[in-house]
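Enquirer: Here it is: the structure, laid out below.
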Amino acid sequence: MEKMEIWIKGLKFCEEVVTEGEVNFEINGDKYRLTYENQWYQLRKNGGGYKSEFYTLGIKDRHDLADGLVEYVLEA
């Protein structure tokens, strides 16, 4: 999967998680869990620790989370 495809999926999942509270998805065989609580996004890969937390101040933070997802997916 290309960087831009992953990044766009990240933005889509950010929109979903705000209403759902939690979104689970798989990319390239890895399982991800994205949660949203008290205006914080949290991203986990394969049940591991939290990658980062992004405080929601606007669309910029969704972009940061999408960047984090790209980083997570493409890391060796």
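The values are calculated or read from the model by the stated rules, or taken from the named source; none is laboratory data. In this text the structure is predicted, and so the values were computed from the model without any measurement. Here the Cβ positions follow ideal geometry from the backbone for every residue, glycine too, while neighbour counts run over all protein chains shown. These area figures cover heavy atoms from the full protein model, side chains too; ligands, DNA and RNA do not enter into them. Shrake-Rupley method; radii C 1.70, N 1.55, O 1.52, S 1.80 Å.
Enquirer: Does Glu15 qualify as being open to solvent by 90 Å² or more (accessible area, probe 1.4 Å), assigned to a helix (DSSP H, G or I) and modelled with pLDDT of 85 or more?
Expert: Here the answer is yes, as Glu15 does meet what is asked.
Enquirer: Which one of Gly48, Gly10 is open to solvent by less than 50 Å² (accessible area, probe 1.4 Å), of a type in the set (Gly, Ala, Ser), at pLDDT 90 or above and under 11 Å from Tyr72 (Cβ atoms)?
Expert: Gly10
Enquirer: Output the residues belonging to the range 19-39 that are closer than 14 Å to Arg62 by Cα and surrounded by 14 or more Cβ atoms within 10 Å (Cβ to Cβ).
Expert: Leu34, Thr35, Tyr36
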